[in-house]
Amino acid sequence: MIKVIEQGLIKASCDIVRPYLQPSLGRALHSKYTPKITPDLDTDTEYAINLHCEARITIAKETTCVLEATHYAKIHVSRDMVDNADMLDKILMVTFPNMLANDARATISRLSIMAGYPQAVLPVQNFAGVFSQLMANRPPVPSPLELSGASHVH
């Protein structure tokens, strides 16, 4: 069982870097999502998930506007989920970042309109793919025998 304790927006900002460039000149949008998961040190069943989203609007190869949004969720997970590391990793690194990304995308879209630019539609981030790649690149856990430096010799 997963219970969302609280959820919301931490920060939203719009920094117009080059106000002299007109949005009608055409634009490119560059974005990135940065998730951060923090366990609550007082309990082993609560976690905070922050998702920072940044988008840069570029006109004529110059960044004209930087849009940022950070959304968070604080969750409580049941003891059986904490004991199942694979399930917990997927919840913390895929399910909740996906949920928060929808909120961040909507915030970035509203910020771009409020700044006088056309609506910024950010691409959907594939957190499941990022998670799979992270797991594939994780180094193997050494056995206790390898850690001690001991070897078996006949």
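The values are calculated or read from the model by the stated rules, or taken from the named source; none is laboratory data. Everything numeric in this text was worked out from a predicted model, so none of it was measured. No Cβ is skipped: glycine too gets one built from the backbone with ideal geometry, and neighbour counts run over all protein chains shown. Each accessible area value is taken on the protein alone, full model and side chains, heavy atoms only, with ligands, DNA and RNA left out. Shrake-Rupley method; radii C 1.70, N 1.55, O 1.52, S 1.80 Å.
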- Item | Odd one out for residue 13, checked against (1) loosely packed, with under 15 Cβ neighbours inside 10 Å; (2) in contact (Cβ under 8 Å) with a residue 12 or more places away in the chain; (3) under 16 Å from the mean Cα position of the chain (by Cα) | (3)
- Checking residue 87 against (1) open to solvent by less than 40 Å² (accessible area, probe 1.4 Å); (2) outside any loop (DSSP other than H, G, I, E, B), which single condition isn't satisfied? (1)
- Query: Considering the range 122-140 alone, what residues qualify as being more than 17 Å from the chain's Cα centre (by Cα) and not small (Gly, Ala, Ser)?
  - Reply: 137, 138, 139, 140
- Message: Could you check the range 63-84 and list, in sequence order, the residues that are small (Gly, Ala, Ser) and open to solvent by 20 Å² or more (accessible area, probe 1.4 Å)?
- Response: 78
- Please tell me if residue 57 is more than 22 Å from residue 128 (Cβ to Cβ) and part of a strand (DSSP E or B). yes
- For the range 74-111, what are the residues that are of a type in the set (A, V, I, L, M, F, W, C) and farther than 15 Å from residue 39 by Cβ? 87, 94, 99, 100, 101, 104, 106, 108, 111
- Return the residue satisfying two criteria in turn: it lies in the range 112-140 and is in contact with a helix residue (DSSP H, G or I) (Cβ under 7 Å, 6 or more places away or on another chain) and part of a helix (DSSP H, G or I), and of such residues it is farthest from residue 37 (Cα to Cα). 128
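Quick grid of which residues meet (1) in contact with a Lys or Arg (Cβ under 7 Å, 6 or more places away or on another chain); (2) at pLDDT 90 or above; (3) closer than 21 Å to residue 5 by Cα:
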site	(1), (2), (3)
40	no, no, yes
43	no, no, yes
50	yes, yes, yes
59	yes, no, no
86	no, no, no
99	no, yes, yes
111	no, yes, no
- How many residues does the range 62-94 hold that are farther than 14 Å from residue 14 by Cα and in contact (Cβ under 8 Å) with a residue 24 or more places away in the chain? 18
- Single unsatisfied condition, residue 50 versus (1) touching a residue at least 40 places away in the same chain (Cβ under 8 Å); (2) more than 14 Å from the chain's Cα centre (by Cα); (3) under 16 Å from residue 91 (Cα atoms): (2)
- Going by the structure shown, is residue 44 of a type outside the set (A, V, I, L, M), over 27 Å from residue 126 (Cβ atoms), assigned to a strand (DSSP E or B) and touching a residue at least 12 places away in the same chain (Cβ under 8 Å)? no
